[in-house]
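**Q** My questions all concern the structure below.
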Amino acid sequence: MPETFTKGMARNIYFGGSVFFILIFLALTFHTEKQFPERTNEAQMTEAVVRGKLVWEQNNCVGCHTILGEGAYFAPELGNVYERRGGDQDFHSFLRAWMSAQPLGVPGRRAMPQFHLSDRQVDDLAEFLKWTSKINNYNWPPNREG
């Protein structure tokens, strides 16, 4: 091996390294794209879930709450609220009662506004939160109460 580092050697290292890391990037991208349908619970997405996501967006729920770690940290994480508050048996009735009782007016507690949602909108939001709870998120949030 020569004792001097030539421009040709530097060029070969640059291009060889670039090709290597581009191939690594493409392989990881392919692997990630292949995993999305399995991890995102895409097969169980219904029209109610889509409408619930629209309710979520139109009322800017992410402005206060987080879902799957994304959003503001003003109010609780809602990625696992479906399991925390009753699951299949009681969640729809819980959410309907909770949304109609807002704002609670508890001293020292931040108030959630009253959005005046219809029963269908609340049910759609419940379906969206149910769908979200089924996403494989590797045990996020780290504690049960978000």
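The values are calculated or read from the model by the stated rules, or taken from the named source; none is laboratory data. Computed from a predicted structure; not experimentally measured. With ideal geometry, Cβ positions are generated from the backbone for all residues, glycine too; neighbour counts draw on all protein chains shown. Calculation scope for accessible area: heavy atoms of the full protein, side chains included, ligands and nucleic acids excluded. Shrake-Rupley method; radii C 1.70, N 1.55, O 1.52, S 1.80 Å.
Results for (1) more than 28 Å from Asn143 (Cα to Cα); (2) touching a helix residue (DSSP H, G or I) at 6+ places or on another chain (Cβ under 8 Å), shown as yes or no for each residue.
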{"residue": "Phe15", "(1), (2)": "yes, no"}
{"residue": "Ile22", "(1), (2)": "yes, no"}
{"residue": "Leu28", "(1), (2)": "yes, no"}
{"residue": "Arg39", "(1), (2)": "no, no"}
{"residue": "Val49", "(1), (2)": "no, yes"}
{"residue": "Gly52", "(1), (2)": "no, yes"}
{"residue": "Glu70", "(1), (2)": "no, yes"}
{"residue": "Ala75", "(1), (2)": "no, no"}
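**Q** Just give me the residues in the range 73-109 being among the small types (Gly, Ala, Ser) and modelled with pLDDT of 90 or more, in sequence order. Full working, then the answer.
**A** Pass one, the range 73-109, residues among the small types (Gly, Ala, Ser): 75, 79, 86-87, 93, 97, 100-101, 105, 108.
Across the range 73-109, the qualifying residues are Ser93, Ala97, Ser100, Ala101.
**Q** If you take the residues of the range 65-84 that are closer than 14 Å to Glu127 by Cα and of a type outside the set (A, V, I, L, M), which of them is most open to solvent (accessible area, probe 1.4 Å)?
**A** Glu83
**Q** Looking at the range 13-33 only, could you name the residues that are open to solvent by 90 Å² or more (accessible area, probe 1.4 Å) and of a type outside the set (Phe, Trp, Tyr)?
**A** Taking the range 13-33 and keeping what is open to solvent by 90 Å² or more (accessible area, probe 1.4 Å), we get 13-15, 20-23, 25-26, 28, 30-31, 33.
Across the range 13-33, the qualifying residues are Ile13, Ile22, Leu23, Leu26, Leu28, His31, Glu33.
**Q** Might you check whether a residue that is of a type in the set (Asp, Glu), open to solvent by 40 Å² or more (accessible area, probe 1.4 Å), under 15 Å from Glu127 (Cβ atoms) and touching a residue at least 12 places away in the same chain (Cβ under 8 Å) occurs anywhere in the range 34-46?
**A** Checked the range 34-46: no residue is of a type in the set (Asp, Glu), open to solvent by 40 Å² or more (accessible area, probe 1.4 Å), under 15 Å from Glu127 (Cβ atoms) and touching a residue at least 12 places away in the same chain (Cβ under 8 Å).
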